[in-house]
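Below is one structure, written out as structure tokens; comments come after it.
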Amino acid sequence: QVQIVESGGGLVQPGGSLRLSCAASGIIFSSYLMGWYRQAPGKQRELVAKITSSGTTKFADSVKGRFTISRDNAKNMAYLQMNSLEPEDTAVYYCNAAGPIPQWDYWGEGTQVTVSS
């Protein structure tokens, strides 16, 4: 049974930092592209960042220079370090595991990030 579980969300002031974690089980983690997406109220879900099994990364323009993504293949974990947070970063953040075939695509339930003073 595949499980993708996010943690680390919360309320933070503008300019603050948060680190999101994603724990994956039931998959061969090293074979999966791991991604973080977010969805703000009234908006579509959008890609924040993704990382290949070998560590190649891609970021949305809106978070470049502020967010970093990493993974630990030995622990089946992915992380999103978010610095210099802005109110516009407020959203539910989802972890995605995308496998080598389209049917192997799994999502967590999301974790809320709220940036507000």
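The calculated FRET efficiency for residue 114 paired with residue 54, based on their beta-carbon distance and R0 = 30 Å, is about 0.35. 3J(HN,Hα) couplings calculated from phi for the range 83-94 with the Karplus curve 6.51 cos²θ - 1.76 cosθ + 1.60 (θ = phi - 60°) are, in sequence order, 10, 6, 5, 10, x, 5, 7, 4, 4, 8, 9, 10 Hz; Gly and Pro show x.
Stretched out straight at 0.36 nm per residue, the stretch from residue 39 to residue 75 would grow longer than its current Cα-Cα span by 10.3 nm.
Can you pull the percent of Cα pairs in the chain with separation above 25 Å?
The calculated P(r) of the chain puts 17 percent of pairs beyond 25 Å.
The 3J(HN,Hα) values that the Karplus relation (6.51, -1.76, 1.60; θ = phi - 60°) gives for the range 57-69 are, in residue order, 10, 9, 10, 5, 4, 5, 10, 4, x, 10, 10, 10, 10 Hz. Gly and Pro appear as x. Stretching residue 62 away from residue 47 to a fully extended chain increases their span by 4.4 nm, per 0.36 nm per residue minus the current alpha-carbon distance. Remark on residue 16: its backbone amide H falls under 5 Å from those of 85, a criterion applied only to residues 5 or more positions apart or on other chains, H modelled at 1.01 Å from N.
Karplus-based coupling profile of the range 103-117, in residue order and whole Hz: 5, 8, 9, 10, 10, x, 8, x, 9, 7, 10, 10, 10, 7, 8, with θ = phi - 60° in 6.51 cos²θ - 1.76 cosθ + 1.60 and x standing for Gly or Pro. Placing R0 at 25 angstrom, the Cβ-Cβ distance between residue 17 and residue 101 gives a FRET efficiency of 0.10 after rounding to 0.05.
FYI, it's all coordinate maths here, none of it is from the lab. In this text, all values refer to a predicted model and were calculated from it rather than measured experimentally. For neighbour counting, all protein chains shown are included, and Cβ atoms are generated from backbone atoms with ideal geometry for every residue, glycine included.
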